[in-house]
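Take a look at the structure set out below.
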Amino acid sequence: MSINGNIKTIFVLNYIILFSGITFSLYYAHYLFIDLKEKSAYKDLLTINKLMAKNVNSHLEHVANSVEALGKVYKKLYLNQYEYIDSEPKNKHDIIKNDKITFYKDYGNENDFAFKSDHVSIILSNLNQNTQTVALELNLFHQLTPALESIHNTFNFSWVYFTTVNDFMLIYPYVPFAEADEIYKPTHQHFYNAADFATKSVGWEEPYSDLVGDGILVTASYPVYDDKDVLLGVASHDITVDEMAKSILKNANIYEENVAFLLSKKGKVISSNSQQFMKEIQEQSKEGYRGDFYYRTLLNADKDNIKNITVSNYDYLNKLGDEIISKIEHTKNVSTQRWKSSIPFFDDKLLFVSQIPASAWTLVYYVPKKSILSKAQSIFYETLFILAIFITLLFVVSAFLTMRHLITPLDIINKASQRFGDGFTDVEVQYSNQNLLKILFHTFNTMVKKVNFNQQLLEKKVSERTKELQEEITLRKTVEDELRLISRTDTMTGIWNRGYFFEMLEREINRSHRFNSNMTLLMIDIDFFKNINDTYGHNVGDKAIKHLTKLISLSIRKENIFGRLGGEEFGIILIETEEPDTHRNIAERIRKSVENNPLIINNTPLSITISVGISTLRNDDNTNTLYIRSDEALYLAKEKGRNRIEEV
């Protein structure tokens, strides 16, 4: 075979190897692309779910605020007794009675108003009520009516009502006398008992189906007390969650086959964006006023004392409901997390769970991974096909040009290499059409061997010495870092020691002066620490110091600087504190945390308290003046009885 033929064969082999490498690279790129797409989708879905949860929570907080405002209006009217008349009410009414209720409607209207018309209904279930109390409540209710109308008109659909402890009820919009029996003795009804009497705050009733077919309702109820803590009644607000849920859950429809649904605190199903699941919810809930359709298994629901319920035909949803209800830890703020379910159905799905703290609901969202990746894969394969055609054409053109412009010059390079290998420096390159590949390889390899031998020898020595130096530098840096950390750390607690704390204090003071930012120094001292050592021994005293360190560390941000200054004395540098997390609030949070979390010694709680001195950086402060002022505040707290906070 001629030299030119050998070159062509080698070129073709190189083409095959290179094309195989590109194919493998594209194959690897495919999986890398899929992984990146899944991570990107995870971040997007996390954001979308948190936004949906925040929207639901905001709507429910608005409802809670409205019913609390209604209760406060009633309390104010009650205490001031607007237009109070001893014997008769201010306004005249037509009165209708039966053996259960007394119904009051506007005087002079012969025909009853339409159901849900813009009027109030006043219903008394306590038929033995004295006339003076009735007159007072009627007058109060007429003063309260504008507040009910205003709250009602703020929402697309709602019932607003107030129930007194005497079974007197004001409700808007209008409920005719014929339907009023349904709310006989309202103080015994679920909406009245939904109020949180223990904390005197808004309570939420589990969602239920409306009697007149207006969908799933949820009730917020607020107990109202007079200035002597005597219960006056309960303000309540019903809203339909169907439209709210639909408008918010529709934002979840960004991938095919994705599902989102809302669960109550106990696992009752409220709404879903899936037509398939929504049909089941509507069919199972329409027969029961209380709306007894749950995503729970009957066994676990019974353990939670939830009786006589209907569960889904989709067992994986019931199991998921059990899993979420049993494991989720409710928070005070809206939160979203990717849920790692043990249920096989969700192995190939991205599953997110969001908490809605206003009503302790849960928003659940899942989507098959294939729905996320299918569109991306289609685009990737189309791109891959076009790229393959382009690379093939590129290699064909490259082969033609290489054969024409590379192989012929190789002969010239060969001659030049031969002269260079023989030690001639006056090499003259001349064009020739001959192909002398074997001679080129021989002469070129000879040159390369001579050059490479010396180069490899030198590189080996340099590499060995470089490696030795790198190991020495790494070891020295490791030792220096460890020594530096040891010199700065308090050995007992693991936080910064006094020396490094004051070094950081000086640095932060200079930085705050330079950037005109706020900074506060907290000095903390354990109250009666000597008594602890004297009574329980120094071992318990050490445990008390470690216990306090742990509690304080949990109460401050990572950006803040926390150190032990000696014995039972600690310091905290608060950097750029902003509302509501002000230095005073942080100090109080630390004080309460220590007070409310005693040290457990042999199963016996040992109460510990602290005194805190606070001083905020001033324009003319330096390390010494700020420290002295904080120390003065600490001693002032000690002098005023300990377990308190003082600021100088």
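Straightening the chain between residue 371 and residue 604 buys 78.2 nm, computed as 0.36 nm per residue apart minus the Cα-Cα spacing.
Its residue count N fixes a reference of 2.2 N^0.38 Å for the range 326-377, and the Cα radius of gyration divided by that reference is 1.34.
Report note on the peptides 338-348, 114-124: ranked by the mean count of other C-beta atoms within 10 Å, highest first, their order is 114-124, 338-348. For the range 471-524, the share of accessible area belonging to carbon and sulfur comes to 55 percent (1.4 Å probe, ligands and nucleic acids excluded).
The modelled label-to-label distance for the pair residue 622/residue 69, using points 7 Å beyond Cα in the direction of Cβ, is 5.6 nm. Our summary of shape: the Cα atoms of the range 513-642 have principal axis extents of 50, 25, 23 Å, ordered from largest down, in whole angstrom. Heavy-atom surface analysis with a 1.4 Å probe gives the range 603-648 a carbon and sulfur content of 43 percent of its accessible area. Rolling a 1.4 angstrom probe over the protein heavy atoms with all chains in place gives the range 529-638 an accessible area of 51 Å² per residue.
Rg/Rh for the range 263-357 stands at 0.95; both radii use Cα atoms, and Rh follows the Kirkwood definition. Taking only the alpha-carbon positions of the range 33-77 and ignoring solvent, what does the Debye formula give for the base-10 log of I(q)/I(0) at q = 0.15, 0.33 Å⁻¹? Evaluating at q = 0.15, 0.33 Å⁻¹ gives log10 I(q)/I(0) of -0.56, -0.99.
If you plug the beta carbon distance of residue 117 and residue 332 into 1/(1 + (r/R0)^6) with R0 = 51 Å, you get a FRET efficiency near 0.80.
Rounded to the nearest 0.05, the FRET efficiency derived from the C-beta distance between residue 340 and residue 54 at R0 = 22 Å is 0.45. Stretched out straight at 0.36 nm per residue, the stretch from residue 313 to residue 648 would grow longer than its current Cα-Cα span by 114.0 nm. Here the contact order of the range 508-587, divided by its residue count and restricted to Cα pairs under 8 Å and six or more residues apart, works out to 40 percent.
Between residue 398 and residue 491, the distance separating the two model label sites (each 7 Å from Cα on the Cα→Cβ line) works out to 6.6 nm. Counting 0.36 nm for each residue step from residue 530 to residue 463 and taking away their Cα separation leaves a gain of 17.9 nm.
With R₀ set to 35 Å, the beta-carbon distance separating residue 9 from residue 256 gives a calculated FRET efficiency near 0.10.
Tell me, what % of the accessible area of the range 265-353 is carbon and sulfur with a 1.4 angstrom probe? Carbon and sulfur together cover 45 percent of it.
The simple spin-label model puts a point 7 Å past each Cα toward its Cβ; for residue 231 and residue 305 those points are separated by 1.8 nm. Largest accessible area first, the residues 204, 496 order themselves as 496, 204 under a 1.4 Å probe with ligands, DNA and RNA left out. Residue 234 exposes around 0 Å² of accessible area when a 1.4 Å probe is run over every protein chain in place. Solvent-accessible surface (1.4 Å probe) assigned to residue 519 amounts to roughly 0 Å².
The values are calculated or read from the model by the stated rules, or taken from the named source; none is laboratory data. Here the structure is a predicted model, which is why all the values come from computation and not from measurement. Here Cβ is always computed from backbone atoms with ideal geometry, including for glycine, and neighbour counts include all displayed protein chains. For the accessible areas, the whole protein counts, side chains as well, though only heavy atoms, and no ligand, DNA or RNA atoms are used. Shrake-Rupley method; radii C 1.70, N 1.55, O 1.52, S 1.80 Å.
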